[in-house]
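Some notes on the structure that comes next.
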Amino acid sequence: MSIRLEKPWLPLTAEAVAALPGQLGVYEIADASAATLFIGYAGGRSPFGLRGELASERERRRGPGFLFRVEVNMQYLSRHQELLMIHCADHGELPPENETPRRLGRIHPHPS
Amino acid sequence: MDFQPSDEQQLVVDLVRRFVEEEILPLEADLDPDASELPAEHFDRLREKTREMGLFGLDIPEQYGGPEIDLVTRTLIAIEMSQHRAGLYAPCYGVFGGAGLAQLYEANEDQKERYLYPTLRGEKRGFFALTEPSGGSDPARAIRTSAVKDGEDWILNGEKTFISGADKADFGITFARTDPTKGRGGITCFIVDTDMPGFRVRRVVHTLRSAHYATELEFENLRVPGANVLGKVNQGFAIANDRLSRNRIPYAAGCLGVAIRAQEMAVEYACTRETFGEPLAHRQAIQWMLVDNELEIRQARWLTLAAAAKAESGQPFRTDAAMAKLVASEVGSKVVDRAIQIHGGYGVTKDLPLERWYREMRIRRIGEGASEIQRLIIARDLLGRSLH
């Protein structure tokens, strides 16, 4: 199993968001060239889970060209940390819209 | 043996209880239900408060700057500190400070300068890596990581798994086989820096705990200076063993604190929730659950405090710590399970802390020596040489 989130990117449209589950998990937002802009999660206090979080993302970004992908995951906090660490390992920095966490670990995964 | 807290102990216990109620519980209302960290501004503010209370760094020995508090009192405090949602694995979110890796107190002065003192000053973080993919319950035989002498250095090759905090650490304590012809007499303890070439955190291991993960480590021709051998060559197993026994008392106290809080919640809910025209508390089935909880909590409390008292007095306490850890972790699981049953559907929602405790408490019967290992330790003490 890959430790990277390798699901296909989908356009961030109202229809695609409405079809999402209301479950907990992690998600990524990218620009039209599939460069990751933000890694987020739908946690225990997210109303309507991933669907609610992605609806907020769509509302916030308004405009075509944004992409997203999600992963339903009950371990959303540790998976979120893992995705941030993998992004740092692969790109040398966090996605541009993520704030630097108080303490982020360092991992050295095998290349994808 | 009487374990009624003295007036002085009760004062400290009440102080910590108020701290949990007034400072921790209100913050938890806004945090993610699985969170294990406080936002920086709250963490810094509360850490300052614990310093003012004279309770920061509770487990640091007095000669290294810790407060002079005996182990029984520290155990009573640990029971209080865990009585909140994140309390089992992140009691009070760490604002009371940690003691660092206990083995470093036995290090030589050079090692203390490089690792212990910076840890106590909050400048460095360490990890403890014993378990390997080949096993964790029987490390003396399971350790396959090798260390081969090369001049003044040692070359380590191997893997470690279920290691907490290695990805955020500056250094760690690990164990490798230095004499393959000997079992437990062929293991040496090393201090490794995480920036040494050949040290790699290979992946995150997700568990039932959402906020906290373990890591998997790889040592590939990791060159460790001879000055980083902790203790003596081939005598590392005693260092690992000593740490395991000592940790079992606060580990038991954490389970006990959560069990006590779950029981309080269950009693309160049983008295207020009505079914078929009467409070749940009027049902014998519910009463018996609450009675079983209370009996088991008191049993675990007595064993935990007895182990602490024995360790404090300098007597051998390995068996007592095993009994405390075994009973408290198993009682914790049963009490939380019954509390969920009493709460019905609400018990399994993220609105209440019970579902998190249920998941995390399951790990406690495996971590720091599985229940079966504790029974083995107790059986060895009872039966002695007749087992060999």
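The values are calculated or read from the model by the stated rules, or taken from the named source; none is laboratory data. Not measured: the values here are computed from a predicted model. Quick reminder, even Gly has a Cβ in these numbers, built from the backbone with ideal geometry, and neighbours come from all protein chains shown. Protein only, heavy atoms only, side chains kept; ligands, DNA and RNA dropped before computing areas. Shrake-Rupley method; radii C 1.70, N 1.55, O 1.52, S 1.80 Å.
Note on region B:194-226: residues that are touching an Asp or Glu at 6+ places or on another chain (Cβ under 8 Å) and over 24 Å from A:Asp90 (Cβ atoms) amount to 6. A:Gly22 fulfils the conditions (1) within 17 Å of B:Val204 (Cα to Cα); (2) more than 10 Å from chain B (Cβ to nearest Cβ) except for a single criterion, (1).
Look at region B:365-378: where a residue is modelled with pLDDT of 95 or more and a partner is outside any helix (DSSP H, G or I), sitting 6+ places away or on another chain with Cβ atoms under 6 Å, you get B:Ser371/B:Arg365.
Identify, by number, the condition in (1) in a loop (DSSP other than H, G, I, E, B); (2) at pLDDT 95 or above; (3) touching a strand residue (DSSP E or B) at 6+ places or on another chain (Cβ under 7 Å) that A:Arg106 doesn't meet. For A:Arg106, the exception is condition (2). Evaluating B:Ile163 against the criteria (1) out of contact with any Leu (no Cβ under 6 Å at 6 or more places or on another chain); (2) within 16 Å of B:Gln103 (Cβ to Cβ); (3) within 14 Å of another protein chain (Cβ to nearest Cβ); (4) not polar (S, T, N, Q) leaves one unmet condition, (1). For B:Ala29, the conditions (1) under 22 Å from the mean Cα position of the chain (by Cα); (2) open to solvent by 30 Å² or more (accessible area, probe 1.4 Å) all hold with the exception of (1). Residues of region B:121-161 that are surrounded by 21 or more Cβ atoms within 10 Å (Cβ to Cβ) and farther than 13 Å from B:Ala176 by Cα: B:Gly126, B:Phe127. Residue pairs whose Cβ atoms lie under 6 Å apart, sitting 6 or more positions apart in sequence or on different chains, and linking a residue in region A:89-112 that is free of Cβ contacts under 8 Å to residues at least 40 places away in the same chain and open to solvent by 30 Å² or more (accessible area, probe 1.4 Å) to a partner that is among the charged types (D, E, K, R) and outside any loop (DSSP other than H, G, I, E, B), are A:Arg103/B:Lys168; A:Arg106/B:Asp167; A:His108/B:Arg200.
Any residue at all in region B:28-43 that's among the acidic types (Asp, Glu), within 14 Å of chain A (Cβ to nearest Cβ) and not in a loop (DSSP other than H, G, I, E, B)?
Residues of region B:28-43 among the acidic types (Asp, Glu): B:28, B:30, B:32, B:34, B:37, B:41.
Now restrict to residues that are within 14 Å of chain A (Cβ to nearest Cβ): B:28, B:30, B:32, B:34, B:37, B:41.
From what's left, not in a loop (DSSP other than H, G, I, E, B): B:28, B:41.
Checked region B:28-43: at least one residue is among the acidic types (Asp, Glu), within 14 Å of chain A (Cβ to nearest Cβ) and not in a loop (DSSP other than H, G, I, E, B).
Screening B:Arg273 with (1) modelled with pLDDT under 95; (2) in contact with a strand residue (DSSP E or B) (Cβ under 7 Å, 6 or more places away or on another chain) gives one miss only, at (1).
In the set (1) more than 14 Å from chain B (Cβ to nearest Cβ); (2) without any contact (Cβ under 8 Å) to a residue 24 or more places away in the chain; (3) in contact with a Lys or Arg (Cβ under 9 Å, 6 or more places away or on another chain), A:Ser56 fails one condition alone, (3).
Only one of B:Glu22, B:Glu48, B:Glu80, B:Glu52 is more than 14 Å from chain A (Cβ to nearest Cβ), under 30 Å from A:Pro101 (Cβ atoms) and open to solvent by less than 30 Å² (accessible area, probe 1.4 Å). Can you tell me which?
Details: B:Glu22 fails: open to solvent by less than 30 Å² (accessible area, probe 1.4 Å); B:Glu48 fails: open to solvent by less than 30 Å² (accessible area, probe 1.4 Å); B:Glu52 fails: open to solvent by less than 30 Å² (accessible area, probe 1.4 Å).
Only one candidate passes the filter, namely B:Glu80.
Can A:Glu28 be described as open to solvent by less than 20 Å² (accessible area, probe 1.4 Å), among the acidic types (Asp, Glu), at negative phi and at pLDDT 95 or above?
On the way: open to solvent by less than 20 Å² (accessible area, probe 1.4 Å): yes; among the acidic types (Asp, Glu): yes; at negative phi: yes; at pLDDT 95 or above: yes.
Judged against the criteria, A:Glu28 is a match.
Looking only at residues that are part of a loop (DSSP other than H, G, I, E, B) and surrounded by 17 or more Cβ atoms within 10 Å (Cβ to Cβ) in region A:66-88, which one is nearest to the other protein chains (Cβ to nearest Cβ)? Even if it seems obvious, please write down each step before you answer.
Applying the first criterion (part of a loop (DSSP other than H, G, I, E, B)) to region A:66-88 yields A:66, A:73-75.
The next check asks that each one be surrounded by 17 or more Cβ atoms within 10 Å (Cβ to Cβ); those that pass are A:66, A:73, A:75.
Working: A:Phe66: 25, A:Asn73: 8, A:Gln75: 4 Å.
For region A:66-88, the residue satisfying everything is A:Gln75.
Return the only residue of B:Met323, B:Met289 being within 28 Å of B:Ala379 (Cβ to Cβ), open to solvent by 30 Å² or more (accessible area, probe 1.4 Å) and either touching a Phe, Trp or Tyr at 6+ places or on another chain (Cβ under 7 Å) or modelled with pLDDT of 95 or more (or both). Explain how you work it out, then say what you get.
Working: B:Met289 fails: within 28 Å of B:Ala379 (Cβ to Cβ).
Unique residue meeting the criteria: B:Met323.
Of the residues making up region B:58-88, those that are in contact with a helix residue (DSSP H, G or I) (Cβ under 7 Å, 6 or more places away or on another chain), over 18 Å from B:Ala300 (Cβ atoms) and not β-branched (Val, Ile, Thr) are B:Leu58, B:Asp59, B:Pro61, B:Tyr64, B:Gly65, B:Glu68, B:Asp70, B:His84, B:Arg85, B:Ala86.
If you go through region B:198-221 and keep only what is under 20 Å from B:Thr178 (Cα atoms) and in contact (Cβ under 8 Å) with a residue 24 or more places away in the chain, you end up with B:Gly198, B:Leu217, B:Glu218, B:Phe219, B:Glu220, B:Asn221. Please determine whether any residue of region B:347-359 is in contact with a Lys or Arg (Cβ under 8 Å, 6 or more places away or on another chain) and not in a helix (DSSP H, G or I). Taking every residue of region B:347-359 in turn, at least one turns out to be in contact with a Lys or Arg (Cβ under 8 Å, 6 or more places away or on another chain) and not in a helix (DSSP H, G or I). For region A:50-65, residues that are buried (at least 21 other Cβ atoms within 10 Å of the Cβ) and of a type outside the set (D, E, K, R) total 2. None of B:Thr145, B:Thr73, B:Thr178 is more than 14 Å from every other protein chain (Cβ to nearest Cβ), polar (S, T, N, Q) and within 19 Å of B:Ile60 (Cα to Cα) except B:Thr73.
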